[in-house]
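Below: the structure, in structure tokens.
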Amino acid sequence: AKWVYTFGDGRAEGEAGMKNLLGGKGANLAEMSNLGLPVPPGFTITTEVCTYFYENGQSYPPDLAAAVDAALAHVGGLTAKTFGDEANPLLVSVRSGARASMPGMMDTVLNLGLNDVTVEAVARAAGDERFAWDSYRRFITMYSDVVLGVGHHHFEEALELYKERKGLDLDTDLTADDWKVLVKTYKEIVQKELGKPFPQDPSEQLWGAIGAVFGSWMNARANKYRELHGIPSSWGTAVNVQSMVFGNMGDTSATGVAFTRNPSTGERALYGEFLINAQGEDVVAGIRTPQDITEAARIASGSTKPSLEKVMPEAYAELVRIYGLLEKHYRDMQDLEFTIENGKLWMLQTRNGKRTAKAALRIAVELAAEGLISEEEAVTRVEPAALDQLLHPTIDPKAERKVLATGLPASPGAASGEIVFTSEEAEEARKAGRKVILVRVETSPEDIHGMHAAEGILTTRGGMTSHAAVVARGMGKPCVSGAGSLRVDAAGGSLTAAGVTLKRGEIITVDGGTGQVLIGKVKMLEPELSGEFGTLMGWADKVRRMKVRANAETPLDAKTARTFGAEGIGLCRTEHMFFNGERILAVREMILADDEAGRRAALAKLLPMQRADFVELFTIMQGLPLTIRLLDPPLHEFLPRTDEEVAEVAASTGTSVAKLNARAHELHEFNPMLGFRGVRLAVAFPEIAEMQARAIFEAAVEAGKATGQPVTPEIMVPLVMTKAELDLTKERIDAMAKAVAGETGVTIAYQVGTMIELPRAAIKAGEIAGTAEFFSFGTNDLTQTTLGISRDDAGSFLGSYTAKGILPADPFVTIDVEGVGELVKLAAERGRAERPGIKLGICGEHGGDPASIAFCETVGLDYVSCSPYRVPIARLAAAQAAL
Ligand code: PEP
Ligand code: MG
């Protein structure tokens, strides 16, 4: 096999399409070389070597060493240097690069090949001793940290101590002699920590770094990240070895990162930061405050430090030329890394940039407007789940802001929560149902789980491209980074700024839109959707086949659903209406009644309230379809629980506490979810279904008259397992329709259908379709009953199942395609065979999950129904499923 692919000098053995083999970074370095862009020559060791490594007891293919030597010689040829040569040494960087970018893995070792001898040669060649020794100390620090396991802090402490003693402030203030002293100290630290010297042999250094990259593929953090993002461990990582270019060669050198469009807003403008006389890790580490790239951005940020455009106009012009070219080529926003060595620009990376949902929308719509992509392609460019971010609240502009500190607006949205200082605290609080803001000096990949658990993130160090900022944007969580005036005392559990000290557990608010950190909880506003949102949704609506409805029962939910573009209500859970106001009293009276006559009396009180609810819903929906489900939950859910509540209800219903308790006892069930609920209630107490049917028909008559639009209710019977249950209930409904028509003189068109949420119903769907005029898959219950996993109690063990890969995802979030999905497919087929054209929908939680929506498209369902806030997500997901 070919294990190694070279690139550089306008040529490459690989290209962008080879991400699986070369990883994302390697494939794009090859592509940029092929495009003739200035890329330092290098080579990529393939992901297949990683696979081989793990399949063969962490050893390499026998012919790999020769291939690496040949590639090193090739790179040496292009750079006129020799790896390991004492007089004219080639220095390299070593970087990991999986198919998908993966924080948590070994990242980068720079300046590899330096030792006590080559450092002198580098100094001579550059005519710059400071630069050479600065590079050497960087190399020892990085290599020790990521390859030898001697932590960063050892070296940082030594450096801080030295600077303090010498009265120096910035790293760039240190001279060659200073670095020489520190290099000696650094080597002593390694000797002391490891009991052996820092490796001097460049070849040993290189293989050490390669081994560290492959080794990091399976470290705990990488495993966790893969688990969270569904990346299989079989993919492996590639290793990129590249000749060094130096951003730390003095004031005509620099290093930076840039986005071709603003990753927060999507605005079309080069956006990024750079540092003069620095190497790549300085930007990300946030040790010095970076400078803006464009003059416009500098003015906007109010920075006093000059922009790249001002200080290095030629390199800037070259960057502008290249970014235009790369955007055209990749037809997407790019995230670039570059280094300027003595005024010459070198490209170190390009990739499709991560972005907020807001930016994703704007970029997709503008790329289509610019003619770079089609409208349909634009629809595929926005991750449906990411729309969630846009639907997040922001701070009410009228609210009073008690500003504690201001940092960078690193990720949009706002959130309030208790202060916590560690990821562990964040997770614990989250489990206990509390909302927290994770406050850190800076975050690292170890904090991913804490960031997931937090509502928002606040750091005191780091820029817009710091770890916290990048990861928070990806997660869609509000983040303020680099709030430098805050002092964090994690051990003492407090946070201080502007003379105010807040303790762990106190509430703060982060505003990721302005960068402000506010004291206390602040009033939030629901988001307004931008013009691009409407445009992209319009394009999505053009291509999707499935309709999108909402699960809603309150007028507010129904209105929200319509604002978000719902095309009807797919599930109106009438029991939710029963809890409202006075209704609960009548409901309890009905439950407590001794006989049918008593129940009917209570139901008569409920009827006008139910009717009014339905009139309101029909009116809001203006003729759009509305599926109303008959009462589903077990009756005990409506009874009071605590002694206090019992006493109160007893008093208000004129019942004795003893009787109330006795009735609750009677209704108690060991498995209420598998008990006296759904259609079973209608079988035992048909008068309940009759009351509901009457309320629906009378409301339809009334709303029809009021709106001038005919209303066609879809009445849905839950938890059916046999046709006979449905027949019995349908008879009652039909009889009630006739009765209401007789009384009002208005005949309402309606349908009676059923939920398919039990395996038996799915299997007998053909027969059931003989009666049912539509099916709605209740995949919450269907998942529960097919897997035999309680939907209410699964949390305690489901995590282990997904962690161990026994289940690919939480089956209550993403449909279990192989099991539950098979039943859905079977029921759809059998239903259609019996009743061609039968209307099919889904109304379990899965109706708002993009992966499940993709499945629904393959089965050819007519619609999905989901909670109102997920309607836009479902519209976009349905469009992508159709493409
Ligand atoms: C379902 O079971 O999927 C469903 C929508 O009904 P509920 O969640 O109300 O049981
Ligand atoms: Mg159900």
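The values are calculated or read from the model by the stated rules, or taken from the named source; none is laboratory data. If you're wondering where the values come from, they're calculated on a predicted model, not measured in any experiment. Glycine gets a Cβ as well: all are built from the backbone with ideal geometry, and neighbour counts include every protein chain shown.
Key figures for this structure:
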| item | result |
| --- | --- |
| Scope region 765-785; condition within 9 Å of ligand 2 (Cβ to nearest atom) and assigned to a loop (DSSP other than H, G, I, E, B); matching residues | GLY778 |
| Residue satisfying condition, being surrounded by fewer than 19 Cβ atoms within 10 Å (Cβ to Cβ), basic (Lys, Arg) and in a loop (DSSP other than H, G, I, E, B), within set LYS305, LYS310 | LYS305 |
| Residue match in region 703-710 (condition: among the charged types (D, E, K, R), within 40 Å of the chain's Cα centre (by Cα) and farther than 25 Å from PHE774 by Cβ) | no |
| In region 357-397, the residues that are part of a loop (DSSP other than H, G, I, E, B) and either acidic (Asp, Glu) or at pLDDT below 85 (or both) | GLU370, GLU383, LEU391, HIS392, PRO393, ASP396, PRO397 |
| In region 833-878, the residues that are in a helix (DSSP H, G or I), touching a helix residue (DSSP H, G or I) at 6+ places or on another chain (Cβ under 7 Å) and hydrophobic (A, V, I, L, M, F, W, C) | ALA833, ILE853, ALA854, PHE855, VAL859, VAL871, ILE873, ALA874, LEU876, ALA877, ALA878 |
| Residue within region 798-805 that is within 16 Å of ligand 1 (Cβ to nearest atom), surrounded by fewer than 16 Cβ atoms within 10 Å (Cβ to Cβ), free of Cβ contacts under 8 Å to residues at least 40 places away in the same chain and over 17 Å from VAL859 (Cα atoms) present | no |
| Qualifying residues in region 753-786 (those that are of a type in the set (A, V, I, L, M) and within 13 Å of ligand 1 (Cβ to nearest atom)) - the one surrounded by the fewest Cβ atoms within 10 Å (Cβ to Cβ) | LEU758 |
| Residue in region 794-816 that is at pLDDT 95 or above and either in a strand (DSSP E or B) or closer than 30 Å to LYS730 by Cβ (or both) present | yes |
| Qualifying helices (runs of 4 or more DSSP H) (wholly inside region 597-700; at least 3 residues being farther than 25 Å from GLU757 by Cβ) | 643-653, 657-667 |
| Sole exception among (1) in contact with a Phe, Trp or Tyr (Cβ under 6 Å, 6 or more places away or on another chain); (2) without any contact (Cβ under 8 Å) to a residue 40 or more places away in the chain for TRP179, by number | (2) |
| Every residue from region 288-314 that is in contact (Cβ under 8 Å) with a residue 24 or more places away in the chain and in contact with a helix residue (DSSP H, G or I) (Cβ under 7 Å, 6 or more places away or on another chain) | ARG288, PRO290, ILE293, THR294, LEU308 |
| Candidates LEU78, LEU148, filtered to the one that is surrounded by fewer than 23 Cβ atoms within 10 Å (Cβ to Cβ), under 18 Å from THR185 (Cα atoms) and of a type outside the set (D, E, K, R) | LEU148 |
| Extreme residue, farthest from ligand 1 (Cβ to nearest atom), among residues of region 702-732 that are closer than 18 Å to GLU757 by Cβ and part of a loop (DSSP other than H, G, I, E, B) | THR722 |
| Looking only at region 600-631, and only at residues there that are in contact with an Asp or Glu (Cβ under 6 Å, 6 or more places away or on another chain) and within 16 Å of ligand 2 (Cβ to nearest atom), the one that is farthest from LEU726 (Cα to Cα) | THR627 |
| Sole residue being touching a Phe, Trp or Tyr at 6+ places or on another chain (Cβ under 6 Å) and farther than 30 Å from ALA315 by Cβ, chosen from LEU72, LEU64, LEU90 | LEU64 |
| Identity of the residue in region 615-656, among the β-branched types (Val, Ile, Thr) and at pLDDT 90 or above, that ends up nearest to ligand 1 (Cβ to nearest atom) | THR627 |
| Subset of region 496-510 (residues that are farther than 13 Å from GLY417 by Cβ and either in the same structural domain as SER264 (by TED's automatic domain parsing) or in a strand (DSSP E or B) (or both)) | THR496, ALA497, VAL500, THR501, LYS503 |
| Sole exception among (1) surrounded by 16 or more Cβ atoms within 10 Å (Cβ to Cβ); (2) touching a Leu at 6+ places or on another chain (Cβ under 7 Å); (3) farther than 25 Å from LEU64 by Cβ for GLN205, by number | (3) |
| Output for region 536-565, where each listed residue is within 16 Å of ligand 1 (Cβ to nearest atom) and in contact (Cβ under 8 Å) with a residue 60 or more places away in the chain | VAL548, ARG549, ALA550, ASN551, ALA552, GLU553, ASP557, ALA561 |
| Some residue of region 498-519 being farther than 19 Å from GLN389 by Cβ and touching a Phe, Trp or Tyr at 6+ places or on another chain (Cβ under 7 Å) | yes |
| Of residues in region 742-759 being more than 16 Å from ligand 2 (Cβ to nearest atom) and in contact with a helix residue (DSSP H, G or I) (Cβ under 8 Å, 6 or more places away or on another chain), the one nearest to THR814 (Cα to Cα) | VAL752 |
| Exclusive hit being closer than 25 Å to THR627 by Cβ and more than 10 Å from ligand 2 (Cβ to nearest atom), set ALA803, ALA794, ALA762 | ALA762 |
| Top-ranked residue in region 166-194 [being modelled with pLDDT under 95 and assigned to a helix (DSSP H, G or I); ranked as farthest from ASP128 (Cα to Cα)] | LYS166 |
| Residues of region 693-731 classified as in contact with a helix residue (DSSP H, G or I) (Cβ under 9 Å, 6 or more places away or on another chain) and at positive phi, total | 1 |
| GLU157 vs. criteria without any contact (Cβ under 8 Å) to a residue 40 or more places away in the chain and either assigned to a helix (DSSP H, G or I) or not charged (D, E, K, R) (or both) | yes |
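Conditions tested, residue by residue: (1) of a type in the set (D, E, K, R); (2) under 24 Å from VAL817 (Cα atoms); (3) at pLDDT below 95.
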position: GLY745; (1), (2), (3): no, no, no
position: ALA749; (1), (2), (3): no, no, no
position: ARG760; (1), (2), (3): yes, yes, no
position: ILE763; (1), (2), (3): no, yes, no
position: ALA769; (1), (2), (3): no, yes, no
position: GLN784; (1), (2), (3): no, yes, yes
position: LEU787; (1), (2), (3): no, yes, no
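So that you can scan it fast, the table gives a plain yes or no per residue for (1) under 21 Å from LEU631 (Cβ atoms); (2) in contact (Cβ under 8 Å) with a residue 60 or more places away in the chain; (3) away from ligand 2 (no atom under 16 Å from the Cβ):
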site	(1), (2), (3)
ARG663	yes, yes, yes
MET673	yes, yes, no
VAL683	yes, no, yes
ALA689	yes, no, yes
ALA695	yes, yes, yes
ALA700	yes, yes, yes
GLY708	no, no, yes
PRO718	yes, yes, no
LYS738	no, no, yes
